[in-house]
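Below you'll find the structure, written out as structure tokens, and then a few comments.
All of the numbers you see were taken from the coordinates with simple rules; none came from a lab. None of the values given here were measured: they were computed from a predicted structure. Here the Cβ is made from the backbone with ideal geometry for all residues, glycine too, and neighbour counts use every protein chain on show.
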Amino acid sequence: MSGVIKLAEKRRRETRERIINTARELFSRRGYHNTQVMDIVNELGMSAGTFYNYFKDKRELFLQISRENFINLGLKLREMRKISNPQNIGERIERFRDTFTAFFDFVDENPEQTLMMLRGGFGVDEELDTGFWEEICIAAEDIADDFQQWIERDISAGFNPLVAGHAAVGMTWQVAHSYLVDRKYTREEAIEYLVNISTFATKGFLTEKGRNIL
């Protein structure tokens with residue numbers, strides 16, 4: 001009997017993942033408002049009733065996907081920022097380009113969803129409040145922890161690490177938003193600017209010990 005239950009649970013998880021993956025692709029390609037539940041179920045070849053066994057409505061599904069995307073992006077960027085030695089300033093600076101490139105890969109792969117998340121986070125579309133600011137705060141605090149380690153080792157000084165973390169994250173999202181909406185610069189230009197300004201800011205707050213290490 002337990003084997004039958006486990007099989008049923010496995011099939012339910014697989015069906016739920018199929019719905020999420022199909023919806024993720026449609027939301028990214030068409031946008032939230034131009035994708036309806038029937039579009040999703042028709043793409044999957046399932047009934048609307050089956051869909052509603054897993055999700056209350058389109059909004060709940062979109063929020064689930066957005067949260068997962070935010071979390072996965074955050075985990076990926078956090079892993080990419082890791083360095084073998086916290087005092088290795090050069091390695092930290094070298095990671096800037098990889099992390100900003102990965103971030104813009106996400107933006108380019110999910111342009112409509114990125115804008116929807118931003119609009120929900122800024123209160124423009126309250127229906128789509130995806131927890132954007134909570135994830136922003138987590139990312140900013142992660143970066144602040146990195147800066148705090150340098151301050152404690154007398155490598156950097158003269159700034160509030162939490163402010164620096166929020167400034168770095170906020171700047172990155174603002175550049176991405178303008179990149180998607182205004183289209184006045186390329187992703188390469190955006191990445192280059194973010195790398196240069198991050199490098200400049202990092203070097204600008206180094207102590208004498210930090211400059212000697214670099």
Helical mean residue ellipticity (222 nm; -39500 (n - 2.57) per DSSP H run of 4+; nearest 500) of the chain:
-25500 deg cm²/dmol
Quick calc, the chain, dipole around Cα centre from Cβ unit charges on Lys, Arg (+) and Asp, Glu (-), nearest 20 debye, gives 540
Which one, Gln174, Gly49, Gln36, projects farthest toward the positive side of the charge dipole computed for the chain from Cβ point charges (K/R +1, D/E -1)?
Gly49
Any chance you could list the semi-axes, whole Å, largest first, of the equivalent ellipsoid that the Cα gyration tensor gives for the chain, using √(5λ)?
40, 20, 14
Classify the stretch 132-214: rounded, prolate or oblate, from the alpha-carbon gyration tensor (a ≥ b ≥ c, eigenvalue square roots; a/c under 1.5 rounded; otherwise prolate if a/b is larger than b/c)?
oblate
Could you tell me how far the Cα centroid of the stretch 80-122 sits from the Cα centroid of the stretch 139-214, in Å?
11
Counting C-alpha atoms alone, how compact is the stretch 1-55: give Rg to one decimal and Dmax as a whole number, in angstrom.
13.0, 44
Pairs over 28 Å Cα to Cα, from Lys56/Lys82; Lys56/Lys76; Lys82/Lys209; Lys58/Lys184, come to Lys56/Lys82; Lys56/Lys76; Lys58/Lys184
